[in-house]
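Remarks on the structure that follows.
The numbers here are math on the coordinates, done by the rules we state, and not lab data. Since the structure is predicted, the reported quantities are computational estimates derived from the model, not experimental observations. Every residue, glycine as well, gets a Cβ built from its backbone with ideal geometry; the counts of neighbours run over all protein chains shown.
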Amino acid sequence: MTDTNQGKALPNNADEHIARLRNQLTQNDECGTTHYNLAVALMGKQEFVEAEKELHDAIDRSPTLAEAYVLLGGICLQGKDLEGCYRFNQRATKARAGFAEGYANMAFVLLQLIDGKDPKEDEEKMGKAIKNLKKAIIHNKKFVQAFATLGTAYFMKGLVPEGIKANLEAVKIQPEFPVAHNNLAVAYLETGEFDKAIVHCDKAEEFGFEVARELKDELAPHRKA
């Protein structure tokens, strides 16, 4: 799922920033954006209960503030409430037409809900996830995470060539995106294209991805001396 911890870019003195936002709200409590910004700051300090309240206040004042729904979905995800996360991201796409992040996050949740208990239900979830990811990409053609997640969904369906194509598009947009390189390494290992697998495995590690030891071990015999 896309990053919901937007508080990481807080000013150096977070407490002063929060105090300033609270002061602004005492003067104008009807500004949804200020409530949202306060929620972001509170999330940066891991104060999720207060942040959740501010996000609901933000939505009450500005019902089309799609980002607020996404952050509420992120709070649900931290609490392992996948259905709640899906619901809030769905509301985000309704609050703002063409909100790519909401579609991608819904797809992420659907893929997490696949558990192998009912193959028919799992297939439906994968199909729905792919549709949502395609919508996300339609609305944001440079959405790297959506391409990589689409690749994962295709791999889960056994559509390896389609999965490779989606991940190649991700690294075309952002050459240093490590997740897509790792996905490609795994896929090329499966197709027996070991040289390509090694290249993408090394790039994934170079760009900060913690490559699985099993993948490294499987590729080791195919490395040239």
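Residue by residue, here is whether (1) surrounded by 16 or more Cβ atoms within 10 Å (Cβ to Cβ); (2) farther than 23 Å from residue 97 by Cβ holds:
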| position | (1), (2) |
| --- | --- |
| 35 | yes, no |
| 41 | yes, yes |
| 45 | no, yes |
| 50 | no, yes |
| 56 | no, no |
| 64 | no, no |
| 82 | yes, yes |
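Determine which member of the set 120, 94 is under 29 Å from residue 158 (Cα atoms) and surrounded by fewer than 24 Cβ atoms within 10 Å (Cβ to Cβ).
Values: 94 fails: under 29 Å from residue 158 (Cα atoms).
None of the other options fit; the residue is 120.
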A careful count of residues in the stretch 50-100 that are basic (Lys, Arg) and under 22 Å from residue 138 (Cα atoms) gives 4
Give me a count of the residues in the stretch 83-114 that are more than 10 Å from residue 66 (Cα to Cα), in contact with a Leu (Cβ under 8 Å, 6 or more places away or on another chain) and not small (Gly, Ala, Ser). 6
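Yes or no, residue by residue, for (1) buried (at least 17 other Cβ atoms within 10 Å of the Cβ); (2) within 29 Å of residue 96 (Cβ to Cβ); (3) in contact (Cβ under 8 Å) with a residue 40 or more places away in the chain; (4) in contact with a helix residue (DSSP H, G or I) (Cβ under 6 Å, 6 or more places away or on another chain):
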residue	(1), (2), (3), (4)
139	yes, yes, yes, yes
147	yes, yes, no, yes
178	yes, no, no, yes
191	no, no, no, no
195	no, no, no, no
199	no, no, no, no
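Being in contact (Cβ under 8 Å) with a residue 24 or more places away in the chain and not polar (S, T, N, Q) is the filter; apply it to the stretch 107-121 and report the residue that is nearest to residue 131 (Cα to Cα). Show your work before the answer.
Of the stretch 107-121, the ones in contact (Cβ under 8 Å) with a residue 24 or more places away in the chain are 107-114.
After this cut, where a residue has to be not polar (S, T, N, Q) as well, the list is 107-111, 113-114.
Values: 107: 8, 108: 12, 109: 13, 110: 11, 111: 12, 113: 16, 114: 16 Å.
The selected residue is 107.
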